[in-house]
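J.: Below is one structure. I have some questions about it.
The values are calculated or read from the model by the stated rules, or taken from the named source; none is laboratory data. Bear in mind that the values here come from a model prediction, so they are computed numbers and not experimental data. Virtual Cβ from ideal backbone geometry, glycine too; neighbours counted across all protein chains shown.
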Amino acid sequence: MEKFRADASDIFGKVEPPPGPIGLNSGTAEDGFARLFVTGIQLIFIVGGFFLLIYLLWGSYLWIIAGGDTEKLKKAQAQMRNAFLGVFALVVSLAVFRFITGDVLGFFDFTGVGIEFTLPQF
């Protein structure tokens, strides 16, 4: 009878808690900050792309309903131009931030596949 009880526990296996989200609690604090930084940058670009799409659609709608009025047409063209300038400013600001924090201050190492964060030291 003991033999059957031992086999029954082997059938169900060992109960363990489910694993958490992948990579959430793994690594060091620097790795976590680098992941947070990358996620923040990705979120900023997603929101920027969304606003680019909205402003382009809005500008094109204004262009269509301008009906030959040059003032409305200039307003629509300015809105579409400003949408592209906003995305350009977003990309330039990321490049400047990367240059200052990576090359000048050395907080981030952008070589390779990911970003490595280094705490400042004296």
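J.: Limited to segment 83-120, what total is found for residues that are at pLDDT below 75, surrounded by 10 or more Cβ atoms within 10 Å (Cβ to Cβ) and among the hydrophobic types (A, V, I, L, M, F, W, C)?
T.: 3
J.: Can you tell me which of (1) modelled with pLDDT under 75; (2) hydrophobic (A, V, I, L, M, F, W, C); (3) part of a helix (DSSP H, G or I); (4) surrounded by 10 or more Cβ atoms within 10 Å (Cβ to Cβ) is the one residue 24 doesn't meet?
T.: Here residue 24 meets the rest and fails (3).
J.: Collect the residues in segment 37-72 that are farther than 20 Å from residue 83 by Cα, exposed (fewer than 11 other Cβ atoms within 10 Å of the Cβ) and within 28 Å of the chain's Cα centre (by Cα), keeping them in residue-number order.
T.: Matches in segment 37-72: 39, 40.
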